[in-house]
Each structure stands twice: as structure tokens, then as C-alpha cells.
1. Could you list, in sequence order, the residues of segment 113-145 that are at negative phi and outside any helix (DSSP H, G or I)?
2. Would you kindly identify the helices (runs of 4 or more DSSP H) lying entirely within segment 21-112 that contain at least 1 residues that are aromatic (Phe, Trp, Tyr) and farther than 19 Å from Val134 by Cβ?
3. Pick from segment 117-145 the residues that are of a type in the set (S, T, N, Q) and more than 23 Å from Glu23 (Cβ to Cβ): which of them is farthest from the chain's Cα centre (by Cα)?
4. Please determine, by comparing only the residues of segment 15-70 that are more than 24 Å from Leu85 (Cα to Cα) and of a type in the set (Ser, Thr, Tyr), which one is surrounded by the most Cβ atoms within 10 Å (Cβ to Cβ).
5. When the residues of segment 90-116 are filtered to those that are within 14 Å of the chain's Cα centre (by Cα) and crowded, with 17+ Cβ neighbours inside 10 Å, which remaining residue is farthest from Met51 (Cα to Cα)?
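We did not get these values from a lab; they are worked out from the coordinates using the rules stated. Just so you know, these numbers come straight off a predicted model, no measurement behind them. All Cβ positions, glycine included, derive from the backbone under ideal geometry; neighbour counts span all protein chains shown.
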Amino acid sequence: MNMNTNAVHKISSHPRWVATMYEFVAPHWDSLVNGPWAESIASTRLSVQEMQGWILQIYPFIYDFPKFLAEALIKVEDDFSRTFLIENIRIEKAHAEHWLWMGEGFGLDRQQMLDLAEGGTPPLRDVQSLTDWVWRVNTKGSLAE
């Protein structure tokens with residue numbers, strides 16, 4: 001069997017910028033994924049109406065996430081990181097579609113979700129603040145930020 005060894009990339013540790021990102025979020029990770037918010041979802045304590053509100057309001061952030069990654073893409077300097085981000089952009093675009101399906105499954109109107117994401121309807125202030133902050137970090141900050 002002939003294998004083009006130039007096409008094979010040995011996977012080892014994460015690029016430094018990914019490791020830096022993991023170090024930054026580590027102190028907050030457990031409180032998010034094991035905190036009251038995640039527990040209320042996992043234990044079905046949120047009502048359908050509360051889930052609808054949460055799904056609807058966070059959708060603009062999910063919708064914009066591939067664009068955030070595209071901003072990061074222009075900052076990478078190595079092929080491995082570039083490929084990583086390009087693949088992740090594809091995955092995140094699919095997540096936006098999956099989020100629409102989930103919203104529809106909870107009784108939300110697809111167009112209502114898209115209108116919110118595309119600016120036809122303003123999101124909650126905190127959601128807009130999160131989105132604005134991530135835009136700022138991606139346009140003005142370093143890759144690790």
C-alpha cells in the first residue's frame with residue numbers, strides 16, 4: 001500500500017492557542033456544566049415555555065458562532081489550526097440548523113428564530129451583550145482570547 005506521508009499529520013497536543021483557551025475556561029467549566037442551570041435542564045425542571053424562551057433567545061448566538069470562528073481563522077498562522085477552524089465552522093453551521101430543529105420540536109416558529117438571529121427582532125439585552133462581547137474579542141483580541 002502506498003501512502004502519501006506528506007498528507008498525514010501527526011496529532012499530538014492541541015495548538016498553543018487551544019490549550020490557552022482551555023486554561024482560561026477551566027475555572028468556569030464545572031460551575032456551568034454542573035451548575036443549577038444545567039441541572040434544571042437535565043432534570044426537566046424547566047417548563048416548555050421556559051425552554052422555548054431559552055432556545056429562542058440563545059439562537060442568535062448559535063447562529064453567529066460560525067462567524068466568530070471565521071474572525072479567528074484570519075489570525076491563525078499554521079495549517080493545522082486553520083484546518084481545525086474550517087472544520088469547526090462547518091460543524092457550527094450544522095449546529096445552527098440543529099438548533100432550529102430543536103426549537104421547532106419545542107413548538108417555536110422557525111421564522112421567529114431566524115428573525116431574531118437576523119436582527120428583525122431585538123434579543124434580550126444580556127444575549128445582545130454576550131454577542132457583542134464575543135464579536136469584540138474576536139475582532140480586537142488575540143487568537144487565544
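1. Within segment 113-145, Glu118, Gly120, Thr121, Pro122, Pro123, Leu124, Gly141, Ser142, Leu143, Ala144, Glu145 meet the criteria.
2. 79-105
3. If we filter segment 117-145 for residues that are of a type in the set (S, T, N, Q), which is where we start, we get 121, 128-129, 131, 138-139, 142.
Next cut, more than 23 Å from Glu23 (Cβ to Cβ) only: 121, 128-129, 131.
Numbers: Thr121: 21, Gln128: 15, Ser129: 15, Thr131: 11 Å.
Among those residues, the one meeting the criterion is Thr121.
4. So, considering only residues that are more than 24 Å from Leu85 (Cα to Cα) and of a type in the set (Ser, Thr, Tyr), the one surrounded by the most Cβ atoms within 10 Å (Cβ to Cβ) is Ser40.
5. Residues of segment 90-116 that are within 14 Å of the chain's Cα centre (by Cα), as a first pass: 90-99.
If we keep only those that are crowded, with 17+ Cβ neighbours inside 10 Å as well, we get 92, 96, 99.
Working: Glu92: 21, Ala96: 17, Trp99: 12 Å.
This residue is Glu92.
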